[in-house]
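Heads up, the thing below is written out as structure tokens.
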Amino acid sequence: MEKKDLRNFIRIQKKMFSQQQLDELSGQIIGRLMASPKLKAAKTVLMYYSLDDEVNTHSAVDMLLRQGKEVLLPTVVSDTEMELRRYTGPQDLQGGFFNIMEPVGERFDRYEDIDLAVVPGMAFDSQNNRLGRGKGYYDRMLPRLVNAYKIGICFDFQRLPGVPADEHDCKVDEVI
């Protein structure tokens, strides 16, 4: 299946669930993420602030902040690039590109200091390949995270036997 067709297939799958069902499934996934030894050991964590059809990360972002971790969130700055910003609380968020809530805090450029990155995806496969939304933001950013353990999170129906992957597509280390 082509990437575009696979993205459409996953969008259809997501629409089969109510927002309440997706939130309940999200709670289970976030529970497994928060129990991860890699996350517990991390000091600087790159998260993402989820859209309605993604695993809901909102509570996890705040929980990590309360645990004293340095939490970073991406901010889309152009059609091709994201930059990272420190998250210090919900008061820092404002609507950005694609109606994603993004932080307005201090810019973060020390990519080598990131211990762990939690990465969204449209689909993941058993070889930890990731299919994104098609803009390539994460595929351009992930290679810069040279010391970060990368965890992809998704709903079970987004885990597939295989997803198409090109040489520029970045794998994650683990999928929850």
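For the set D52, D109, D169, the ranking by accessible area, highest first and with no ligand, DNA or RNA atoms included, is D52, D109, D169 under a 1.4 Å probe. Using the Cβ-Cβ distance between I12 and A165 with R0 = 22 Å, the FRET efficiency computed as 1/(1 + (r/R0)^6) comes to roughly 0.50.
Computed from the Cβ-Cβ distance with R0 of 22 Å, the FRET efficiency linking K43 to D139 stands at 0.30. Rolled with a 1.4 Å probe across the full set of protein chains, the surface gives I100 an accessible area near 40 Å². Here are some values of volume of the Cα convex hull per residue in Å³: (i) 112; (ii) 257; (iii) 130. Which one was computed from this structure? Checked against the structure: label (i). Values of log10 I(q)/I(0) for the range 75-176 across q = 0.12, 0.13, 0.15, 0.19 Å⁻¹ run -0.42, -0.50, -0.66, -1.03, by the Debye formula with one identical scatterer at each alpha carbon and no solvent.
Sorting H58, H168 by accessible area puts them as H168, H58; the probe is 1.4 Å, largest comes first, and only protein heavy atoms count. Is the shape of the range 34-128 rounded, prolate or oblate, going by the alpha carbon gyration tensor and its root eigenvalues a ≥ b ≥ c, with a/c under 1.5 for rounded and a/b larger than b/c for prolate? It is rounded, given that a/c, with a ≥ b ≥ c, falls under 1.5.
Restricting attention to the range 1-144, the count of lysine pairs at 8 or more positions apart or across chains with alpha carbons under 24 Å apart stands at 11.
Of the whole protein surface, M16 contributes about 130 Å² of accessible area at a 1.4 Å probe radius.
Residues whose amide H lies under 5 Å from that of F108, counting only those 5 or more places away or on a different chain, are L84, R85, R86; hydrogens are built 1.01 Å from N in the peptide plane. Taking C170, C154 and ordering them by how much accessible surface each has at a 1.4 Å probe, largest first, produces C170, C154.
Where the convex hull is taken over the Cα atoms of the range 101-157, what is its projected area averaged over directions, in nm²?
4.9 nm²
Accessible surface calculations at 1.4 Å, restricted to protein heavy atoms, place the range 1-104 at 54 Å² per residue. Backbone phi angles across the range 64-69, fed through the Karplus curve with coefficients 6.51, -1.76 and 1.60 (θ = phi - 60°), yield HN-Hα couplings of 5, 4, 5, 7, x, 7 Hz in residue order; Gly and Pro are listed as x.
Report in % the part of the accessible area of the range 1-100 that belongs to carbon and sulfur, leaving out ligands and nucleic acids; probe 1.4 Å.
On the way: 2870 of 5460 Å².
On the range 1-100, the fraction of accessible area on carbon and sulfur atoms equals 53 percent.
In the complete set of protein chains, residue-level accessible area for S59 is approximately 70 Å², probe 1.4 angstrom.
A simple spin-label model places the labels of F98 and H58 1.8 nm from each other, with each point 7 Å out along Cα-to-Cβ. Taking all Cα pairs closer than 8 Å and separated by 6 or more residues, the relative contact order of the range 30-176 comes to 22 percent.
Are there GluC sites (Glu not before Pro) in the range 56-95 that DSSP puts in a loop and that have at most 15 other Cβ atoms within 10 Å, and which ones? Mind showing how you got there, number by number?
Working: sites: E70, E81, E83; in loops: E81.
Loop-located and lightly packed - E81.
The values are calculated or read from the model by the stated rules, or taken from the named source; none is laboratory data. Predicted model, so just to flag it, every value in this text is computed and none were measured. Methodologically, a virtual Cβ is constructed for each residue, glycine included, from the backbone with ideal geometry; neighbour enumeration extends over all protein chains shown. In case anyone asks, the SASA skips ligands and DNA or RNA and just uses the protein heavy atoms, side chains included. Shrake-Rupley method; radii C 1.70, N 1.55, O 1.52, S 1.80 Å.
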